Structures are given as structure tokens and as C-alpha cells.
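What follows is a set of notes on a single structure, which appears directly below.
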Amino acid sequence: MRVLVAPDSFKGSLSSIELCQTIRHGMNKVMDAEVIEVPISDGGEGFLESICSVHPFQVELVNVKDPLGRTIQGKMAFDLQKRTAFIEMAKSTGLTHVSEDERNPYQSFSYGVGNFILYGLDKGCRTFIIGLGGSATNDAGVGMLLELGVSFRDVHNKPVEIESLTDIQKIASLDLQKVNPRLFECEFILATDVNNPLCGEQGATFVFGPQKGIAKERLNEIDGILEHYGKVLEKEFRKEIVSREGVGAAGGITASFLALFKTQIRQGIDILIEYLQLDQLLPTVDFVITGEGKLDHQTLNGKVIKGICELANQHHIPVVAVCGNIELSRNEIRELGLSAAFSICKGPSSIEESMKDAKQLVLELVENIAELLRI
């Protein structure tokens, strides 16, 4: 039996690579199967490792700024023959770079994405595939644009110093004189798994801001600041920004990309299917094990499991999911295209306990799945 293992990560406990390894170990303890490991990401953490798991792309460490402006080293990858750079936003601006007691979303910026882009530009790249997600920022890409040479001006045409999110409210126009002209020759392909707009109750601030540390009483204020910035971009560049689907991803950074550059927004799983050539691999396997931390209604809107199921179902290959938590009904699970879904949680236990013991819990669950396959 050939088994494809293609899960997303369990955020905060197991990376997609670690999850693949654990599932393979569980399968091999019980049955003699050929297990093919393909770690998957929807654009957030693990995106770069997933892209590089099949292709021998050149990987380099780059000096970039973290959300608080400190210099760190982050990985990016290159396909120099195709003049393409691969960037995972979380490698520079991810929540993992800021400890809980350091988190300050009001003074966190997406500088590092700009640093990665400039490095890729100097390597000769003109296509940038950027995995969005896992960010500590809610600045709509203002920090990135600062690193790319953009200057911001107020209603009196005076420079605006950006030191906190509230300074974005002062922006009335953008000055592009110091922006490297080569950037306008580039194409940016943004990998995401969300369709949220920039503003409003379903926008970047209200949906994702609290997990980054934005206080409930300041959500309206910060949302209004992003709406102001989005309208400035619409006026300056005559493009739809504020209400467009997907612009709320990764703290709204998509807004700045769409306004200034040639940009595509794509589902991260679709990009991974293409680059990992899953459409060619799937017809050669007998069974698929996928998974992610939480199986919920967001999964129905284009996350990893939905993409895997859609492709596998075309070839009538059964798919099961190993998850941390399941919030979907049986009918919704079937609608998703899964043959079955299993939670690693055992008995009355907290999420924290399950995350701590995730590796052992996944191992035991997969052993049970393998026992079923032997029947």
C-alpha cells in the first residue's frame, strides 16, 4: 500500500514536517506500507519548508528586521533559473519572533518582508511567491513599504514619521521617488487561506487582531486607521482595496501590494498543489492522511484539507484527517470530501494538555488508523 501523508501543521505544537514524520512512524509500527511524506502549508508557518521539500531550491539566510525592528536572520528560497523568490512572511514578521511579554501590535511592523524582497531583487528575481500568515503585524504593509523606499506624507505634504499604528492615520499620500524602479517590473503572488476584507467586523483587525494583542476596546480605532489607509491607497492608485476579498490577510499587508505592484492573490493550497505536483502524485497512491490543528468552518473555505480532498476525490482516493480539534458535523465532514476525521484528544483534557502531548497522541491515533487499514 502506498500512503500519501500531506498535513498542515498543528500550530504551537507540531510543524507539518514533524507531523509527517510522526504519522509515518505510526503507520510503519503497524503495517508494511510505503509512506510518502509531503508537508503542506496554507501560506503561513511551514510554507517555505513545504515548497522546498520536493524541489532542491537554493536556500539562504538573510538579515531582516523582526516586527519590532530588531535584526534577525530569516530563510528564503530561490529558483534562479526562473528568477523566482519564495518568501514566508512568518520568517521575519511572525508571532514566533516576539515573546508574549514583548508583543506590542501597535508598534509592530512588516519591515522584514521588504528586506526579503530587496534581497531577492538583487539576486535577479522578478517573481516573488510570498506565503502570508502567522504574522505579528496589523500595519497593512506600511512597514514593508518603508523598507522598499516609500515615503509617507500628510495633508500638508510634510513627511510622516511612522512609529506606531496611530501614525498611519496621518498619511495622506505616498512618495515613490526613492523606490527601486525594478520593483515595478516584478510580479507578486500572495499565498493565503483567508478571504477577509481589510476592514469591518470580518476584516484584519477584528478577526485576527486580538490574537496579536490588540485590546478589545481599541479594535474600532485600529480598524478605522486601516480603513483610512485603504482609502488613501484607492485614491492614489485608483484600485479597489478596502472591500476586496483577501486583503485582510496577514494584517492587511495585501493592501500595499495590490496598490503599488502587479499582484495576484491565490489560495496557498493551490500554489502548493502546483509546486509539489500533487496532481501527478495522487493517482499513484492508495490512501491519503491529511490533517491540521482545527477542523472547523474555515476549513470549508479553502484551507489545506479542502484542497487535498478536492484533488484526491477526483481520483476516488479515500482521505482521512488527523486533527487536534473537530468542530464540524459528520455531514460537513462528508461534504468536505473526507472519508473520516479523527481528533487526537483523549478524554477530558485541556487544549494545552493536548498540544503538549500532541506527538504521542498523533502516534497512537495513527496506529489505530493503520490497524483499521489492515482489516
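Listed conditions (1) part of a helix (DSSP H, G or I); (2) modelled with pLDDT of 95 or more are all met by residue 210, apart from (2). Restricting attention to the stretch 6-29, the residues that are over 15 Å from residue 53 (Cβ atoms) and β-branched (Val, Ile, Thr) total 1. Out of all the residues in the stretch 31-44, is one or more modelled with pLDDT under 95, part of a loop (DSSP other than H, G, I, E, B) and under 24 Å from residue 146 (Cα atoms)? Yes: the stretch 31-44 contains one or more residues that are modelled with pLDDT under 95, part of a loop (DSSP other than H, G, I, E, B) and under 24 Å from residue 146 (Cα atoms).
Look at residue 57 and say whether it is within 21 Å of the chain's Cα centre (by Cα), of a type in the set (Phe, Trp, Tyr) and under 22 Å from residue 307 (Cα atoms). Before the answer, list the steps.
Numbers: within 21 Å of the chain's Cα centre (by Cα): yes; of a type in the set (Phe, Trp, Tyr): yes; under 22 Å from residue 307 (Cα atoms): no.
Answer is no for this residue.
Give me the strands (runs of 3 or more DSSP E) completely within the stretch 101-183, filtered to those with at least 2 residues that are open to solvent by 10 Å² or more (accessible area, probe 1.4 Å), ordered by residue number.
Details: elements: 127-131, 151-153, 173-175.
Once the strands (runs of 3 or more DSSP E) in the stretch 101-183 are filtered for at least 2 residues that are open to solvent by 10 Å² or more (accessible area, probe 1.4 Å), what remains is 151-153, 173-175.
Can residue 263 be described as in contact with a Phe, Trp or Tyr (Cβ under 6 Å, 6 or more places away or on another chain), surrounded by 17 or more Cβ atoms within 10 Å (Cβ to Cβ) and β-branched (Val, Ile, Thr)? Walk me through how you get there before you give the answer.
On the way: in contact with a Phe, Trp or Tyr (Cβ under 6 Å, 6 or more places away or on another chain): yes; surrounded by 17 or more Cβ atoms within 10 Å (Cβ to Cβ): yes; β-branched (Val, Ile, Thr): yes.
Criteria met by residue 263.
Flag: residue 272 does not match the condition of being assigned to a helix (DSSP H, G or I), free of Cβ contacts under 8 Å to residues at least 60 places away in the same chain and open to solvent by less than 70 Å² (accessible area, probe 1.4 Å).
So which residues in the stretch 72-91 are touching a residue at least 12 places away in the same chain (Cβ under 8 Å) and open to solvent by 30 Å² or more (accessible area, probe 1.4 Å), if there are any at all? Full working, then the answer.
Within the stretch 72-91, the subset touching a residue at least 12 places away in the same chain (Cβ under 8 Å) is 72-80, 82-91.
Those that are touching a residue at least 12 places away in the same chain (Cβ under 8 Å) and open to solvent by 30 Å² or more (accessible area, probe 1.4 Å): 72, 73, 75, 80, 82, 83, 91.
Just to be sure I understand, how many residues within the stretch 45-63 are among the charged types (D, E, K, R) and either outside any strand (DSSP E or B) or buried (at least 24 other Cβ atoms within 10 Å of the Cβ) (or both)? Step through it out loud before you land on a result.
Kept after step one, since they are among the charged types (D, E, K, R), are these residues of the stretch 45-63: 45, 49, 60.
Now drop any that are not either outside any strand (DSSP E or B) or buried (at least 24 other Cβ atoms within 10 Å of the Cβ) (or both), which leaves 45, 49.
Residues meeting the conditions: 2.
Residues in the stretch 292-325 that are of a type in the set (D, E, K, R) and either closer than 10 Å to residue 338 by Cα or in contact (Cβ under 8 Å) with a residue 60 or more places away in the chain (or both): 292, 303, 306, 310.
Within the stretch 297-307, take every residue that is more than 19 Å from residue 23 (Cα to Cα) and in a helix (DSSP H, G or I) and give me the one that is most open to solvent (accessible area, probe 1.4 Å).
Filtering the stretch 297-307 for residues more than 19 Å from residue 23 (Cα to Cα) gives 297-303, 306-307.
When the remaining residues are screened for being in a helix (DSSP H, G or I), the result is 299-301, 306-307.
On the way: 299: 0, 300: 36, 301: 92, 306: 59, 307: 8 Å².
Only one residue fits best here, namely 301.
Counting only residues that are assigned to a helix (DSSP H, G or I) and open to solvent by 10 Å² or more (accessible area, probe 1.4 Å), which one in the stretch 308-332 is nearest to residue 245 (Cα to Cα)? Selected residue: 310. With the checklist (1) open to solvent by 50 Å² or more (accessible area, probe 1.4 Å); (2) closer than 18 Å to residue 288 by Cβ; (3) in a loop (DSSP other than H, G, I, E, B) in hand, flag the one item residue 345 doesn't pass. Among (1) open to solvent by 50 Å² or more (accessible area, probe 1.4 Å); (2) closer than 18 Å to residue 288 by Cβ; (3) in a loop (DSSP other than H, G, I, E, B), the lone unmet condition for residue 345 is (2).
Give 284, 254, 263, 290 a once-over and let me know the one that is under 14 Å from the mean Cα position of the chain (by Cα) and hydroxyl-bearing (Ser, Thr, Tyr). Explain how you work it out, then say what you get.
Numbers: 284 fails: under 14 Å from the mean Cα position of the chain (by Cα); 263 fails: under 14 Å from the mean Cα position of the chain (by Cα); 290 fails: under 14 Å from the mean Cα position of the chain (by Cα).
Only one candidate qualifies: 254.
Residues in the stretch 208-226 that are open to solvent by less than 70 Å² (accessible area, probe 1.4 Å) and of a type in the set (S, T, N, Q): there are none. Restricting attention to the stretch 11-29, the residues that are open to solvent by 10 Å² or more (accessible area, probe 1.4 Å), within 14 Å of residue 293 (Cα to Cα) and in contact (Cβ under 8 Å) with a residue 40 or more places away in the chain add up to 5.
The values are calculated or read from the model by the stated rules, or taken from the named source; none is laboratory data. Just so we're clear, the structure is a prediction, and the values are computed from it rather than from any experiment. Note that we place each Cβ from the backbone using ideal geometry, even for glycine, and neighbour counts take in every protein chain shown. For the accessible areas, the whole protein counts, side chains as well, though only heavy atoms, and no ligand, DNA or RNA atoms are used. Shrake-Rupley method; radii C 1.70, N 1.55, O 1.52, S 1.80 Å.
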